[in-house]
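The values are calculated or read from the model by the stated rules, or taken from the named source; none is laboratory data. None of the values given here were measured: they were computed from a predicted structure. Reconstructed Cβ throughout: ideal geometry from the backbone, glycine too, with neighbour counts over all protein chains shown.
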Ligand SMILES: C[S@@+](CC[C@H](N)C(=O)[O-])C[C@H]1O[C@@H](n2cnc3c(N)ncnc32)[C@H](O)[C@@H]1O
């Protein structure tokens, strides 16, 4: 099945609300567990004031988990949708006030150099963000600019199914009890996402081929490494 891109930024209020209300806890926790496992594997610990950037953070669920798990690091969620960041900021409570903040940034503008982003990350994280980019090179180029040398990367995203029928089947299997708007978005996301082979090629083209891509299950791939 060919890729059908979807709008990059998620700004439609009903769509943002449905996404923020949805329970993605299983997938969200996998990002934190994946990072823990990788740190252990390479024998690295995070230090006080290290910076973790969550790129395309949406309503901030993963930022919150990271900020709780590593309360001594700085966590910054970046997203180009004010509507999404409003949802994230609503949940900012005192316990996060020291180590979690959000910034409104359109990521293509970092890739093109239109916007300077002063922060440099020790760890770059993203979940279900890559497939939103009409031109995935822009995503990788932005990440190269905002990561320090030896930056740790962990990215997760959906795998594009082989056919519309398979995408429909996955939507019904995983979101059968979800609101219609979420199901519609999930279906659009499956059609907009990339295959593992395409992501491998993107990484080669971006000079990031040291990052490893592997399929996690029938829905997701993970990209992990240090560069
Ligand atoms: C499917 S949501 C994922 C949100 C979050 N990472 C999560 O897993 O819950 C994708 C997010 O990426 C953001 N996004 C997409 N393209 C972007 C861009 N070019 N610049 C900044 N944010 C972008 C959208 O606004 C949206 O909030």
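Points to keep in mind about this one:
- Near pairs, Cβ below 7 angstrom, 6+ apart or cross-chain, from region 27-38 (on the phi < 0 side of the Ramachandran plot) to any residue that is surrounded by 17 or more Cβ atoms within 10 Å (Cβ to Cβ) and assigned to a helix (DSSP H, G or I): 28/61; 28/62; 28/65; 29/65; 31/62; 32/65; 32/66
This table checks each residue for (1) closer than 30 Å to residue 163 by Cβ; (2) exposed (fewer than 13 other Cβ atoms within 10 Å of the Cβ).
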| residue | (1), (2) |
| --- | --- |
| 5 | yes, no |
| 26 | yes, yes |
| 35 | no, no |
| 45 | no, yes |
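- Candidates 56, 60, filtered to the one that is within 16 Å of the ligand (Cβ to nearest atom), free of Cβ contacts under 8 Å to residues at least 60 places away in the same chain and in contact with a strand residue (DSSP E or B) (Cβ under 8 Å, 6 or more places away or on another chain): 60
- Residue 81 being exposed (fewer than 15 other Cβ atoms within 10 Å of the Cβ), within 15 Å of the chain's Cα centre (by Cα), touching a residue at least 24 places away in the same chain (Cβ under 8 Å) and within 13 Å of the ligand (Cβ to nearest atom): no
- Any hit, region 167-190, residues being under 25 Å from residue 211 (Cα atoms) and in contact with a strand residue (DSSP E or B) (Cβ under 8 Å, 6 or more places away or on another chain): yes
- Taking the numbered list (1) within 12 Å of the ligand (Cβ to nearest atom); (2) touching a helix residue (DSSP H, G or I) at 6+ places or on another chain (Cβ under 7 Å); (3) outside any helix (DSSP H, G or I) in turn, residue 4 passes all entries but (1).
- Residues satisfying the stated conditions in region 133-158, i.e. in contact with a strand residue (DSSP E or B) (Cβ under 9 Å, 6 or more places away or on another chain) and within 13 Å of the ligand (Cβ to nearest atom): 136, 139, 142, 143, 146, 154, 155, 156, 157, 158
- Lone qualifier among 115, 68, 91, 48 - being within 12 Å of the ligand (Cβ to nearest atom), more than 15 Å from residue 155 (Cα to Cα) and at pLDDT below 95: 115
- Segments classed as strands (runs of 3 or more DSSP E), wholly inside region 118-227, with at least 2 members that are touching a residue at least 60 places away in the same chain (Cβ under 8 Å) and under 17 Å from residue 38 (Cα atoms): 121-127, 147-158, 220-226
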